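J.: Have a look at this one before I ask anything.
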């Protein structure tokens with residue numbers, strides 16, 4: 001509720017501080033940072049505030065949970081300097097970031113849902129050896145000049161060719177993902193071929209889903225790392241639930257901050 005803006009009503013720093021559980025030094029710091037308008041002064045040099053300062057403080061404290069301390073400070077400073085359009089731009093940027101976070105969460109949830117309906121590991125067809133004596137060599141059906149592999153690794157995993165075919169991508173793409181740390185296939189000790197185990201297939205599928213959603217490799221790598229740290233997809237569900245809750249809490253905080261800021265802007269006019 002907005003305080004009664006009685007003409008000439010004066011508030012001491014302690015009056016502002018007590019209402020929000022702050023110290024008087026914090027109130028002075030907020031004024032010096034531009035979060036509050038400049039205080040008046042008594043003939044003896046003591047600071048005096050008004051109910052408008054109380055509205056400014058309430059607006060700032062309401063903005064912090066949704067936008068963060070730094071952005072909330074910049075918003076209030078812009079308003080107090082008369083740059084209201086700049087304050088709106090900062091708010092828009094913060095909302096855009098929140099939307100990006102929500103899209104990322106949705107992409108991860110969709111990828112996990114798709115993975116849950118898929119079979120893992122990839123089916124391992126029988127070895128299709130090339131003809132001729134070279135077929136028994138270590139590079140016959142392994143990483144050739146084109147990097148393709150025409151055989152599956154058996155029960156312990158799958159080779160690059162079958163996995164690429166399953167995902168509908170080129171083997172070169174899997175090698176690129178490996179360099180970016182998205183997949184970590186082992187090497188067969190006899191042939192040197194890449195062998196993708198169950199966890200590698202899971203990571204490749206997750207990376208594939210996120211790439212289809214438009215995410216960059218550097219954005220995907222931390223998510224893959226979270227899956228590995230969680231020990232699989234199921235433990236990650238708890239983290240996603242917490243992430244979803246934090247996004248919702250931030251959205252509500254942004255609404256509360258907007259209401260307090262609108263009250264302050266209206267009274268400033």
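J.: Hey, could you check the range 71-86 for residues that are free of Cβ contacts under 8 Å to residues at least 24 places away in the same chain and part of a helix (DSSP H, G or I) and say which is surrounded by the fewest Cβ atoms within 10 Å (Cβ to Cβ)?
T.: 85
J.: Only one of 68, 34 is surrounded by 13 or more Cβ atoms within 10 Å (Cβ to Cβ), closer than 18 Å to residue 256 by Cβ, at pLDDT 90 or above and in the same structural domain as residue 258 (by TED's automatic domain parsing). Can you tell me which?
T.: When all the criteria are applied, what remains is 68.
J.: In addition: Give me the pairs: first residue in the range 180-199 and within 16 Å of residue 229 (Cα to Cα), second residue in a loop (DSSP other than H, G, I, E, B), beta-carbon distance under 6 Å, and six or more apart or on different chains, which are they?
T.: 198/120; 198/121
J.: Got a number for residues in the range 186-202 being touching a helix residue (DSSP H, G or I) at 6+ places or on another chain (Cβ under 7 Å) and modelled with pLDDT of 90 or more?
T.: So the answer is 3.
J.: Of everything in the range 37-49, what is under 22 Å from residue 257 (Cβ atoms) and surrounded by fewer than 21 Cβ atoms within 10 Å (Cβ to Cβ)? Give them in sequence order. Steps first, answer last, please.
T.: First, the residues of the range 37-49 that are under 22 Å from residue 257 (Cβ atoms): 37, 49.
Once the filter is applied, which keeps residues that are under 22 Å from residue 257 (Cβ atoms) and surrounded by fewer than 21 Cβ atoms within 10 Å (Cβ to Cβ), the range 37-49 yields only 37.
J.: Residue check: is residue 92 assigned to a helix (DSSP H, G or I), over 27 Å from residue 246 (Cα atoms), in the same structural domain as residue 264 (by TED's automatic domain parsing) and within 29 Å of the chain's Cα centre (by Cα)?
T.: It is false that residue 92 is assigned to a helix (DSSP H, G or I), over 27 Å from residue 246 (Cα atoms), in the same structural domain as residue 264 (by TED's automatic domain parsing) and within 29 Å of the chain's Cα centre (by Cα).
J.: Let me ask you something else. How many residues does the range 200-232 contain that are more than 15 Å from residue 166 (Cα to Cα) and either outside the structural domain of residue 169 (by TED's automatic domain parsing) or buried (at least 18 other Cβ atoms within 10 Å of the Cβ) (or both)?
T.: Residues in the range 200-232 being more than 15 Å from residue 166 (Cα to Cα) and either outside the structural domain of residue 169 (by TED's automatic domain parsing) or buried (at least 18 other Cβ atoms within 10 Å of the Cβ) (or both): 7 in total.
J.: State all residues of the range 84-114 that are touching a helix residue (DSSP H, G or I) at 6+ places or on another chain (Cβ under 7 Å), closer than 17 Å to residue 249 by Cα and at pLDDT below 85; if no residue qualifies, say none.
T.: Of everything in the range 84-114, those that are touching a helix residue (DSSP H, G or I) at 6+ places or on another chain (Cβ under 7 Å), closer than 17 Å to residue 249 by Cα and at pLDDT below 85 turn out to be 101, 105.
J.: Let me ask you something else. Which of the residues spanning the range 157-199 are surrounded by 23 or more Cβ atoms within 10 Å (Cβ to Cβ) and assigned to a strand (DSSP E or B)?
T.: Once the filter is applied, which keeps residues that are surrounded by 23 or more Cβ atoms within 10 Å (Cβ to Cβ) and assigned to a strand (DSSP E or B), the range 157-199 yields 158, 194, 196.
J.: Going by the structure shown, is residue 53 outside the structural domain of residue 214 (by TED's automatic domain parsing), within 18 Å of the chain's Cα centre (by Cα) and surrounded by 14 or more Cβ atoms within 10 Å (Cβ to Cβ)?
T.: Spelling it out, it is not the case that residue 53 is outside the structural domain of residue 214 (by TED's automatic domain parsing), within 18 Å of the chain's Cα centre (by Cα) and surrounded by 14 or more Cβ atoms within 10 Å (Cβ to Cβ).
J.: Which of the numbered conditions does residue 11 fail, given that it passes all the others? Conditions: (1) surrounded by 15 or more Cβ atoms within 10 Å (Cβ to Cβ); (2) in contact with a helix residue (DSSP H, G or I) (Cβ under 6 Å, 6 or more places away or on another chain); (3) at pLDDT below 95.
T.: Just one mismatch for residue 11, condition (2).
J.: If you scan the range 204-220, which residues turn out to be in contact with a helix residue (DSSP H, G or I) (Cβ under 9 Å, 6 or more places away or on another chain) and assigned to a helix (DSSP H, G or I)?
T.: Matches in the range 204-220: 204, 205, 206, 207, 208, 209, 210, 211, 212, 217, 219, 220.
The values are calculated or read from the model by the stated rules, or taken from the named source; none is laboratory data. In this text, all values refer to a predicted model and were calculated from it rather than measured experimentally. When we count neighbours, we look across all protein chains shown, and the Cβ atoms used for this are built from the backbone with ideal geometry, even at glycine.
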